[in-house]
Structure formats: C-alpha cells, structure tokens
Amino acid sequence: MHRRLDFITAASKEHNVDKDELVIRISLNKDFKKNDYGEAIFYKDDGEILAAVYPKMGRMVVWNASVPFIFKPPAMSYVQAQFDIVVKITTSKEKAEQVIAETKKLIEKSKSRTLKEHSPFQTRVTFLRWTSVNMKEKPFDGQDEEHDNVSWIAMLQVKDFVTSRLWKIVKQLATYLSGFDEWYPYDVSMNIIRNSHYPRIHEDCEPSEHEYTFLMYLTPDWEANNYGETAFFEEVFTKDGTPFPAGKQQYEWIASVRPRYGRIVIFRGIIPHSARPPSPGFSGARYTFACKVSRTYRLAISKALRETLEYVQGESEDSTAAYNILNKLISDDDTPALPIKFIEEKLEHYQRKRQEMYEGFQSSTVEQLTVTKGPVKDEL
Ligand SMILES: [Fe+2]
C-alpha cells in the first residue's frame, strides 16, 4: 500500500538479489487517472530511466529483480491509498523457505499474545506491530463525509480489554471526572495516522449521550515539530443561533494536545475534535490506543450493537430484523428499554455477521487473485 507523500527508497542491486530472481507487481486500483502518478519506474545502471509502467487495474508487470526500480507514490490530489500485490520469486528453494518461515514466525507470535498479558506500557508499539501483521480487518479507507477518517489497524475485543490493567486506569479517570462509576467501553482500537492521511473534525457521540474518549499516544520520541496534535473545537453557529447545514459546519479551535510517548488524554465524546496528521517531513506513523466509554454497561452494549447494525444492515439477509432493532435503539419515544440479555445476544449475533462479512471479503479477494483460469475480475 502506498499513499501520497510516502518516501519510497529505490530498490538497488545491493539487496542480496540473485540474478534469476523475479519481481511481479499487480495493480489493484481501478480508478487511477492520468495525473495520479503511482507508476513503477525502472532504472539503468547509470541512473537514467529505462522504463516507466502505469498502474492500471489488474495490470501485471514482471521484471528481473536485479533491475533497480521504485514505485512512485500517488499524487497529492489522490487521497486514497494505492494498493498492489508484489510477489518475489526465486529459484532457490532454500531462500524461499527461509523467508516463508520468518513470516510465519511473526504471524504466530502475534496470535499467541493477548492484550491482558501486557502492562499498559509493555502493550504499546510491540503489540501494535504484532496486531498489524495479524490484521484481520481491513483499514478504513472510504470517503464517507461523516467519518472521522482515522485508520484503525486493530479492533480489540471489549471482553478482553475489560480484564486489563489499562481498563482500570481508564475507568478510574472517567469516574474521577464525572462522579459516575459504572463506565464501560464499547469501542477499543489501535489507530494509525500518517502524514498522507486526512482526518476530519467529528464528535464521537450524540449530544444526548454522556461518553468519554480515552487516547494514549504510542509513538516513541515524538518531536513537537512532527505535529500530529489532537485538536479540539467549538462549533460556530449562524447569526440566528442555528447550526450551519450538515457538511458545512463551522468551527473555532479551542485547544490541542501534543502527542508524547505514553501521554494520555481523556475528553467528552461530544466535543468536536480531530487528529492532525504528522508533518510532511516526518515519514513515520502516529500510533494511538483509543477507547470510547459509555456511562453504563447497558448503554455501552447498546451503542456497540447500534454501530454494528449500522455496518451490517443492508448486507445481512435478515436486514428487516436488523433495521427494526436499530430503530428501537435510536428511538426517543417511551417504549420500554430492550432487555440486557436481548441486546447481548443480538450484539454477539451481528458482530459474528460482521466478522463473516470481513472473512467473506478476504476469501473472495484471494480467490479472485489466485484463480488459475480466466482474468482477474474488475470488481476488485
Ligand atoms: Fe474521535
């Protein structure tokens, strides 16, 4: 995956390449246009350009691995990521087996650890790296205007998280700030933001909801010049005192928090906020741990169910049932609250559905890419 602003080092001959090794690149973005860049450039020994290949959807390029090359990142105007599959092949069975074994080892390592085995500070970056290797869910990369547009690299299980030491800290903080002591998480994730990302100002909850969001910054040695602040805003209204229409809201900046390794920030979910991307001069990533909490267990599982239903609704074969539950969860009328047992069962059911959707997406993608007959379908 490449994004605009990526610094990509040209592959040179020094990289332990045997002369009979090949590299294959298959491009996966179907909406690339003329000025979106993203081409593969091949160089002669004297540094002059030998050839450049445009990344057309499904196009496969094969070259000898001893040829220096670079994948140009997409243009600044191309806000989505550029995806491709890169395969390196060798005639040395020994070399292939060694690389496969190393990769398998890394994946196994990531599977064998759970969040609760770590203290809050051991968790940090090591855990992030492992979970990103073992990433089961694709990072968000859409263009939904309402979305915060933060890419998460791992969604953590709430039931695991509530047994961790970190949860005790989050709960104590929320209790200290609010006076309520029944807080429960409904969304726990590891997020990543790079300088090519474009996070948006958003709220984490509705005005009627009493929620907190807890963040912990996880990139070591963060310099002030790397930017990447969490910025907080106040919504500005029209002269009549009414909000500007959706999508055209106006904001004034009120505060921001500078990331530091291990620093935590907790804030009311209703405050408009946005992660700011790191400086263009910083090529690393801004990692955060994020946890959103509701005032009671019931509210937390209701919110989790609502968000899951919003995701699967329409995709699920029982979409009418999903729609009805969603309506009950968001209705303001006087209908009696749904029983906790019912919410728990539905949450488990629809989270499983969501997982099946992800797995279905992954397996159909792999199937289409590895099919032995016929061309790669354009739906990719
Ligand atoms: Fe947020």
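The values are calculated or read from the model by the stated rules, or taken from the named source; none is laboratory data. Only a predicted model underlies this, so the values are computations on that prediction, with no experimental measurement involved. Backbone-built Cβ (ideal geometry, glycine too); neighbour counts: all protein chains shown.
If you go through the range 285-302 one residue at a time, do you hit one that is charged (D, E, K, R), surrounded by 15 or more Cβ atoms within 10 Å (Cβ to Cβ) and over 20 Å from the mean Cα position of the chain (by Cα)? It would help to see each step written out before you state the result.
Of the range 285-302, the ones charged (D, E, K, R) are 286, 292, 295, 298.
Now restrict to residues that are surrounded by 15 or more Cβ atoms within 10 Å (Cβ to Cβ): 286, 292, 295, 298.
Subsequent filtering for residues that are over 20 Å from the mean Cα position of the chain (by Cα) retains 295, 298.
Taking every residue of the range 285-302 in turn, at least one turns out to be charged (D, E, K, R), surrounded by 15 or more Cβ atoms within 10 Å (Cβ to Cβ) and over 20 Å from the mean Cα position of the chain (by Cα).
Filter the range 34-56 down to residues that are surrounded by fewer than 10 Cβ atoms within 10 Å (Cβ to Cβ) and within 33 Å of the chain's Cα centre (by Cα) and give me whichever is modelled with the highest pLDDT.
Per the criteria, the residue is 35.
So which of 79, 86 ends up being within 26 Å of residue 366 (Cα to Cα) and in a strand (DSSP E or B)?
Values: 79 fails: in a strand (DSSP E or B).
Sole residue among the options that is within 26 Å of residue 366 (Cα to Cα) and in a strand (DSSP E or B): 86.
What tally of residues in the range 244-279 results from selecting those that are more than 16 Å from the ligand (Cβ to nearest atom), surrounded by 13 or more Cβ atoms within 10 Å (Cβ to Cβ) and assigned to a strand (DSSP E or B)?
1
Restricting to the range 196-223, give me the number of residues that are part of a strand (DSSP E or B) and crowded, with 20+ Cβ neighbours inside 10 Å. Even if it seems obvious, please write down each step before you answer.
Initially, the range 196-223 is screened for residues part of a strand (DSSP E or B), giving 202, 211-217.
Checking which are crowded, with 20+ Cβ neighbours inside 10 Å leaves us with 211-217.
Counting residues in the range 196-223 that are part of a strand (DSSP E or B) and crowded, with 20+ Cβ neighbours inside 10 Å gives 7.
Answer yes or no: is there a residue in the range 163-173 that is modelled with pLDDT of 95 or more and assigned to a strand (DSSP E or B).
no
Name every residue in the range 225-243 that is in contact (Cβ under 8 Å) with a residue 40 or more places away in the chain and either outside any strand (DSSP E or B) or within 16 Å of the ligand (Cβ to nearest atom) (or both), in order of residue number. Spell out the reasoning first.
As a first pass, look at the range 225-243 and keep what is in contact (Cβ under 8 Å) with a residue 40 or more places away in the chain: 225-233.
Once the filter is applied, which keeps residues that are in contact (Cβ under 8 Å) with a residue 40 or more places away in the chain and either outside any strand (DSSP E or B) or within 16 Å of the ligand (Cβ to nearest atom) (or both), the range 225-243 yields 225, 226, 228, 229, 230, 231, 232, 233.
Is it fair to say residue 155 is modelled with pLDDT under 85, within 30 Å of residue 197 (Cβ to Cβ) and away from the ligand (no atom under 16 Å from the Cβ)?
On the way: modelled with pLDDT under 85: yes; within 30 Å of residue 197 (Cβ to Cβ): yes; away from the ligand (no atom under 16 Å from the Cβ): no.
Judged against the criteria, residue 155 is not a match.
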